[in-house]
Structure formats: structure tokens, C-alpha cells
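**Q** Pasting in a structure now, in C-alpha cells, and then I'll have a few things to ask.
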């Protein structure tokens, strides 16, 4: 039986959830909900789904929802659905605070429903190809730079875009953090618009991560170094290069490798398919509530460590 799905909030990101849910295997796209009726109607054009302005009209009609409203309302919406046994995929950051994230996780456990968090980069085919070989990273350099957006200006760039890379680093190295050293600057908004953090892990890995929403260039790349191996990932191009050092008896070691063949795909669609499959197969989603909370906790620690003085 197909999983009956809906999207609540069809703004910048939610409209793409709506576009893709109608194409996800084993999913029946029931409705898109938005306080702006015109936006809801636009998001269901070409599908059999309804356009609604009140999320309560979904009660009893869906098995799963995507919550893509502003972060401050994530818990309120998730609570309404989880308490009724509805599975939830909540966009990142999963909640406005760690206390809210904990409540969401506890509710999902109590009601036996799937709670997934929308860290879409984890489903990037390039990332999925690179993570299995990154077994002992020692230095990771990340740049996530973009121009000034028209959304998410109510939160620091740490929670807006850097949190993607924090989630990937925690998946890459689960050994635990030893230290966090961060700097951030509010440039065009009262929030932090550019930030850099240096993370040290118990494994010995160091990660240097820069995120900016005020850059002229658009860059989304990560370079990873581990003993005898270098891995480069271009998120936007979905491209991976892997280079290895191969010992040769009585000769200099050989450097071998190059671009890896990647079957490209839309990360958001892969994420939605994973969410639906986790419901159907009764398994944990790839990015569950615990993973979403871990990324939020690290983002919070970074933000709280930055002293920027009085903000405009």
C-alpha cells in the first residue's frame, strides 16, 4: 500500500518537496498546505494533490508529512502530527532549540513513528560515493559559499547552510569532538553571515569549515585527506575524485586514481524516497532525529562560542 504524503509549507524549499513527492515510488501525494493559498495551488499544479491552507485538514488523511515551515514552528507542527501517529520529515535545522529537538525525538519514540531530518546533502550521490572510503580522515577542508539569499535571514549562516557540513562531518567521524574554535561576522544582516570553524575530533581528525552567504562566487566543495588517500567532492557538480598512494617494492610509490563515475540524481528526491522507504520497511531513516539533533547541537555550540559584540 502506498504511503499517503503531504507537505506543510511550500515556500522556497517546500515547493520542491511538493514537486518531487508526486514522483517518489510507493508514495501517494495527497496535499500541499500553505497559509498563502495561491502558493499552495501553484505547488500542486500537474498533480492529483489538493491545495489546502489549514494543516488540520490533513488529520486522518495522511500517513506521513514533510514539515517545511519556518524553524520556530517545527515543533508545534511535528507535535500535532506525531501525536496522531503520522510519520514526519522535518526540514533542517530540526528545531529552534535542543530542548525542542529532544521533545520531538521523545514524541516520535513514544508514538512509534519515523522522524527524519532534512539534511539533504547526505543524499548527494557524490557524498554517498565518498563517505564509504573515508574511514580515517585526518584533515578536511570545506567551503560552502553563496551569494546573498532572500530567505533564512532570521537565522545565522551556521544554522542555515553550515549545518549541512556539520552533519556530514559527524557522519564521517563519529569519534567525538575535542575542541571547537570559531569566528563569525554579521555583515549584511543582524545575524552571522560568514563563519569559519575549526573542529578537532578524538580520532585526530581536524576539519576547517567556512560558510558564507555574502560571497561573489558560489562554491560547495570539500577536500579530505587521510593516510595514503585524497578525496575531493564537488557537491554542486556531484563530482568525486579519489587519489591513492600505492607502494611499489624498490620503487617510488605510485599515485593512482582520478574521477569516480557517479550516477547523478536529485538529492532531495533521494531523501524523500529514503523517508518513504523507511516507513514502508519499518527501519530508521538515513538521517534520523538523533543525527539531526547532533548537527543542531554542534551548530549551537559553534554559534554560542562566537563573540561578535553588539549587532546592528
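Just so you know, all these numbers are worked out from the coordinates, no wet-lab data involved. The shown structure was predicted, so the numbers you read here are calculated from the model rather than taken from an experiment. Every residue, glycine as well, gets a Cβ built from its backbone with ideal geometry; the counts of neighbours run over all protein chains shown.
**Q** I'd like to compare 119-132, 198-211: which one has the highest average count of other Cβ atoms within 10 Å, and what's the full order after that?
**A** Descending mean neighbour count gives 119-132, 198-211.
**Q** Here's something else I'd like to know. Quick one: if the Förster radius is 30 Å, what FRET efficiency do residue 256 and residue 217 give, using the C-beta to C-beta distance and rounding to 0.05?
**A** Values: r = 31 Å, r/R0 = 1.04.
Rounded to the nearest 0.05, the efficiency is 0.45.
**Q** Oh, and also: What whole-number value in cubic angstrom gives the convex hull volume per residue for the C-alpha atoms of the range 210-258?
**A** Taking only Cα atoms, the range 210-258 has a hull volume of 85 Å³ per residue.
**Q** Mind pulling the angle between the C-alpha long axis of helix 163-172 and the longest principal axis of the chain? Nearest 10 degrees, somewhere in 0 to 90.
**A** Helix 163-172 sits roughly 60 degrees off the main axis of the chain.
**Q** Gain in length, residue 304 to residue 97, computed as 0.36 nm per residue apart minus the alpha-carbon separation, to one decimal in nm?
**A** Taking 0.36 nm per residue and subtracting the Cα distance, the gain is 73.3 nm.
**Q** Using only Cα atoms, tell me the angle between helix 98-111 and the longest principal axis of the chain; keep it within 0 to 90° and round to the nearest 10.
**A** Relative to the chain, helix 98-111 is tipped by roughly 60 degrees.
**Q** Something else now. For the range 253-312, what class follows from the C-alpha gyration tensor (a ≥ b ≥ c being the square roots of its eigenvalues): rounded when a/c is under 1.5, otherwise prolate if a/b is larger than b/c, else oblate?
**A** oblate
**Q** Further question: Compute the distribution of all C-alpha to C-alpha distances in the range 85-165, in bins of 5 Å from 0, and list the percent of pairs in each, rounded to whole numbers.
**A** Values per bin, smallest distances first: 3, 11, 17, 19, 17, 16, 13, 4, 1.
**Q** Give the value in nm², to one decimal: projected area of the alpha carbon convex hull of the range 185-312, averaged over all directions.
**A** Convex hull of Cα atoms, orientation-averaged projection: 12.6 nm².
**Q** Let me ask something else. Just need the relative contact order of the range 1-83 here, percent rounded to a whole number, with Cα pairs under 8 Å and 6+ apart. Provide the component values of the computation, followed by the final result.
**A** Working: 154 pairs, mean separation 28.1, N = 83.
This gives 34 percent for the range 1-83.
**Q** Taking the chain as a Gaussian network, Cα atoms linked when under 10 Å apart, which of 25, 267, 285 shows the biggest mean-square fluctuation?
**A** Among 25, 267, 285, the largest mean-square fluctuation in the Gaussian network model of the chain belongs to 25.
**Q** With N residues in the range 128-214, what two-decimal value do you get for its Cα radius of gyration over 2.2 N^0.38 Å?
**A** So the Cα radius of gyration is 1.14 times the expected 2.2 N^0.38 Å.
**Q** Right, here's the next one. Regarding the chain, what is the average projected area of its C-alpha convex hull, in nm²?
**A** Result: 18.0 nm².
**Q** Please report the Cα spread of the range 240-286 along all three principal axes, rounded to whole Å, starting with the longest.
**A** 55, 21, 10
**Q** With each pseudo-label sitting 7 Å past Cα toward Cβ, what's the residue 53-residue 183 distance in nm, one decimal?
**A** Calculated label separation equals 5.0 nm.
**Q** Report the FRET efficiency, 1/(1 + (r/R0)^6), for residue 226 and residue 141, where r is their Cβ-Cβ distance and R0 is 22 Å, rounded to 0.05.
**A** 0.95
**Q** Does anyone have the angle between helix 289-305 and the longest principal axis of the chain? Alpha-carbon axes, 0 to 90°, nearest 10?
**A** Once rounded, one gets 60 degrees.
**Q** Here's a follow-up. I need the Kirkwood Rh of the range 69-210: take the reciprocal of the average 1/r across all distinct C-alpha pairs and report it in angstrom.
**A** About 16.7 Å, per the Kirkwood formula over Cα pairs.
**Q** Given contacts defined as C-alpha pairs under 8 Å and at least six residues apart, what's the relative contact order of the range 36-181, whole-number percent?
**A** 16
**Q** Any chance you could list P(r) for the range 1-136, counting all Cα-Cα pairs in 10 angstrom bins from zero, rounded to whole %?
**A** All Cα pairs considered, the percentages come to 13, 41, 33, 12, 2.
**Q** Sticking with this structure for a sec: Residue separation times 0.36 nm, minus the C-alpha to C-alpha distance between residue 23 and residue 243: what's the value?
**A** That works out to 75.5 nm of additional length.
**Q** Only bridges with both residues in the chain count here: give the DSSP antiparallel percent, nearest 5. Walk me through the numbers before you get to the answer.
**A** Working: 43 of 71 bridges.
For the chain, the DSSP antiparallel bridge percentage is about 60.
**Q** By count of other Cβ within 10 Å, fewest leading, how are 229, 216 ordered?
**A** By the 10 Å Cβ count, ascending: 216, 229.
**Q** Fewest first, what order do 306, 36, 163 take by the number of other Cβ atoms within 10 Å?
**A** Fewest-to-most ranking of 306, 36, 163: 36, 306, 163.
**Q** What length, rounded to one decimal in nm, is gained on full extension from residue 36 through to residue 198, with 0.36 nm per residue of separation minus their alpha-carbon distance?
**A** Values: separation 162, 0.36 × 162 = 58.32 nm, distance 4.13 nm.
Computed gain between residue 36 and residue 198 is 54.2 nm.
**Q** When only C-alpha pairs under 8 Å and at least 6 residues apart count, what is the relative contact order of the chain, in percent?
**A** 19 percent.
**Q** I need the fraction of alpha carbon pairs in the range 14-82 separated by more than 13 Å, rounded to a whole percent.
**A** 63
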